[in-house]
Amino acid sequence: MRRAYFKFSWIAAALLAPQLLIVFVFFYWPSAQALYWAFTLEQPWGGGNTWVGFDNFRKVLSDAYYWSSVRVSVIYALATTVLAMSMALTLAIFVDRQLAGYKAYRVAIIWPYAVAAPAVGLAFQFVFNPGAGLFSYINTIAPGWWDLSKYPWQAVTAIVIAGAWKQVAYSFVFFLAALQSIPRSLTEAAAMDGARPLRRMMDLQLPLLTPTFFFLLVINITDSFTDSFGIVDTLTGGGPFRATDLMVYKIYADGFRGFDYSGAAAQSIILMLLVMALTFVQFRYIERRVHYT
Amino acid sequence: MIERTPVLNFATHVILIFGLVIILLPIWLAFVAATQTLQAVNSAPVEFWPSDQLLVNLAEAWAMSDFGPKFLNTLFVATGVVVGKITLACITAFALVFFNFRGRVLIFWMIFITLMLPLEVRIVPTYAVAANALTPFQTIMDWSGISWLIKAVSGIEVALEWNLLNSYTGLILPLVATATGTFLYRQFFLTIPDELVEAARMDGAGPLRFLWDILIPLSKTNIAALATIMFVYAWNQYLWPLLVITDRANYGMVVVQLSDLVPDQLTTGGGTPTWHLAMAATLVVMLPPIAIVILMQRWFIRGLINTDK
């Protein structure tokens, strides 16, 4: 720990105050508020909130719509993560060979990170649009076969592909950085032992990527729970028949369209616990990653 | 390393080009759509080659969404968030690392734990706080009896109110707290050798002078990396501005404007979907952050990896 300090004074307090105030007002207070709402119910004719214990949670957990929202969120999380990470890993391993055009490839894979989620949603809505998009070909042969606004599985496929597309760049940056931090001496030693590039990929690079892999796995799943709002909102709007009503989207819809603060708060608490659990796992792997490299 | 692997090299290029096609295809299609007329964009087989209507469509989309003031707004808010985040991260980390006081670790964890509470999961109560940012203090004063005391002594009813809805403050303030930035700065400050602090003190520099004249020049790379990431983050905000700003004519942000462009029954009234305009607007909106990422690639990658988010 540091030995040379400045003495604590009003300066330190003044430097800490802004961030602490903001964190208190916009993080801790709302979170406490969510807890309060989750365990109380607002009276219809005023008179404040009454304590209802776990009733809100019971109501949420016995709601079939909620469970279908959980189900589609899990499907979305797993499918986008698997798609995005496998694509990112493949691209990173081959970009890392640093052939001609390496820098061009790299920048061409990275830039989608900068595209806003609703823009991704809107662009993919055009791409998947039954009348004018990619699948209009199929629809000219079999009219009405592809229609996002009618068939739930197609809508889910669409948000999964859009979500995965957006996530590739992030994982790619990390995979590439991890690959480039593999010591050259290791690669050279393997080459001297007669390992050709493909053999080195399988036996040297992939095993050394494991920590990055686990780290990205958790980050991607967490992100898909929280960052999916923009994509869903512009691509499907939660439909058809609530088929793409992801958890974050449902909290928003219940809270701001249905004015069911208690129900939305209970769902927020559940999602918070989920994110916390995932973040906790992530920290364990971050630690492992530090030891590993 | 010198190896001859012509087959593998060829395969590498094939795989990478295939990957690029997948990544570029959706945006390419959006671009092609933005270059077409209303009739062409809605004719069944999708076009793969651009037409000549790009500028016309851009101009129309720009006018339709009133993008001029909205770009200025977005630029202002994004700059505000970037400056705010970097300033807060820097001064908080400075206080935590270079001052000796009890509760340092506690304060660090209090800030760090906010990572686990992304805006999306606490959106409803955060919105409620934004309607009156002083609610927490009002409630505390009511509960602790201070309000009662003030009323009894001076006869003034305590009613604190600070509405953040439809204001730049409301757009910027909730977004400037930064656990990752603080963490990044803390890591950097911990690498500053003790001798530097001692030398500065011996030369008579107070803490603020040390921060301004020594630490900030040293942390330029940190600032560049953080700024790139945070700018993209702020520019792409969607859910928060969507809720906080109802007066879009004055405070609208460009990304939120996209929600009005979804060509469904609501916007076209059963008419032909205006894909060419929607795609033109989408291109315009995503261009600035893409430009930043490509131009500041080095800083961007460094920022992404160092902040882990």
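Quick notes on this structure:
- Residue ranges of helices (runs of 4 or more DSSP H) in the stretch B:197-281 with at least 2 members among the hydrophobic types (A, V, I, L, M, F, W, C) and surrounded by 13 or more Cβ atoms within 10 Å (Cβ to Cβ): B:207-210, B:220-235, B:239-244, B:254-257
- Of everything listed in (1) over 30 Å from residue B:90 (Cβ atoms); (2) touching a helix residue (DSSP H, G or I) at 6+ places or on another chain (Cβ under 6 Å); (3) within 14 Å of chain B (Cβ to nearest Cβ); (4) not acidic (Asp, Glu), the single unmet condition for residue A:30 is (1).
Conditions tested, residue by residue: (1) within 19 Å of residue A:80 (Cα to Cα); (2) more than 9 Å from chain B (Cβ to nearest Cβ); (3) in contact (Cβ under 8 Å) with a residue 40 or more places away in the chain.
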position: A:229; (1), (2), (3): yes, no, yes
position: A:235; (1), (2), (3): yes, no, yes
position: A:240; (1), (2), (3): no, yes, yes
position: A:243; (1), (2), (3): yes, yes, yes
position: A:253; (1), (2), (3): no, yes, no
position: A:262; (1), (2), (3): no, yes, yes
position: A:271; (1), (2), (3): yes, no, yes
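- Count of the stretch B:100-116 residues, restricted to those that are at the interface with chain A (Cβ under 7 Å from one of its Cβ atoms) and not in a helix (DSSP H, G or I), is 2.
To keep it simple, each residue is scored yes or no on (1) open to solvent by less than 50 Å² (accessible area, probe 1.4 Å); (2) assigned to a helix (DSSP H, G or I); (3) among the aromatic types (Phe, Trp, Tyr); (4) more than 9 Å from every other protein chain (Cβ to nearest Cβ).
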site: A:14; (1), (2), (3), (4): no, yes, no, no
site: A:19; (1), (2), (3), (4): yes, yes, no, no
site: A:56; (1), (2), (3), (4): yes, yes, no, yes
site: A:74; (1), (2), (3), (4): no, yes, no, yes
site: A:84; (1), (2), (3), (4): yes, yes, no, yes
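- Residue count for the stretch A:129-139 under the criterion of being open to solvent by less than 10 Å² (accessible area, probe 1.4 Å) and more than 7 Å from chain B (Cβ to nearest Cβ): the result is 0.
- The residue that is farthest from residue A:159 (Cα to Cα), counting only those in the stretch A:242-269 that are of a type outside the set (Phe, Trp, Tyr) and not in a helix (DSSP H, G or I), is A:260.
- Every pair of residues 6+ apart whose Cβ atoms lie under 7 Å, when the first sits in the stretch A:211-227 and is within 12 Å of chain B (Cβ to nearest Cβ) while the second is of a type in the set (D, E, K, R) and surrounded by fewer than 22 Cβ atoms within 10 Å (Cβ to Cβ): A:212/A:289; A:215/A:289
- Members of the stretch A:169-196 found to be facing chain B (nearest Cβ under 8 Å) and surrounded by fewer than 20 Cβ atoms within 10 Å (Cβ to Cβ), listed by number: A:177, A:187, A:188, A:191, A:196
Conditions tested, residue by residue: (1) modelled with pLDDT of 80 or more; (2) within 12 Å of another protein chain (Cβ to nearest Cβ).
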{"position": "B:38", "(1), (2)": "no, yes"}
{"position": "B:48", "(1), (2)": "no, yes"}
{"position": "B:66", "(1), (2)": "yes, no"}
{"position": "B:76", "(1), (2)": "yes, no"}
{"position": "B:82", "(1), (2)": "yes, no"}
{"position": "B:94", "(1), (2)": "yes, yes"}
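- Annotation: residue B:158 fulfils all but one of (1) within 27 Å of residue A:264 (Cβ to Cβ); (2) more than 7 Å from every other protein chain (Cβ to nearest Cβ); (3) surrounded by 14 or more Cβ atoms within 10 Å (Cβ to Cβ); (4) not charged (D, E, K, R); the unmet one is (1).
- Just one of the numbered conditions (1) free of Cβ contacts under 8 Å to residues at least 60 places away in the same chain; (2) in a helix (DSSP H, G or I) is not true of residue B:61: (1).
- Residue list for the stretch B:119-134, restricted to those being surrounded by 20 or more Cβ atoms within 10 Å (Cβ to Cβ) and either at the interface with chain A (Cβ under 7 Å from one of its Cβ atoms) or over 25 Å from the mean Cα position of the chain (by Cα) (or both): B:120, B:121, B:122, B:123, B:124, B:125, B:126, B:129, B:133
- Neighbours by Cβ (under 6 Å, 6+ apart or cross-chain): first from the stretch A:94-118, within 7 Å of chain B (Cβ to nearest Cβ) and open to solvent by 40 Å² or more (accessible area, probe 1.4 Å); second in a helix (DSSP H, G or I) and hydrophobic (A, V, I, L, M, F, W, C): A:113/A:169
- Residues that are open to solvent by 70 Å² or more (accessible area, probe 1.4 Å) and either within 24 Å of residue A:132 (Cα to Cα) or in a helix (DSSP H, G or I) (or both) within the stretch B:1-21 comprise B:6, B:7, B:10, B:14, B:17, B:18, B:21, listed in sequence order.
The values are calculated or read from the model by the stated rules, or taken from the named source; none is laboratory data. Predicted model only: the values in this text are computed from it and were never measured. Every residue, glycine as well, gets a Cβ built from its backbone with ideal geometry; the counts of neighbours run over all protein chains shown. Surface accessibility is based on the protein's heavy atoms, side chains included, excluding ligands, DNA and RNA. Shrake-Rupley method; radii C 1.70, N 1.55, O 1.52, S 1.80 Å.
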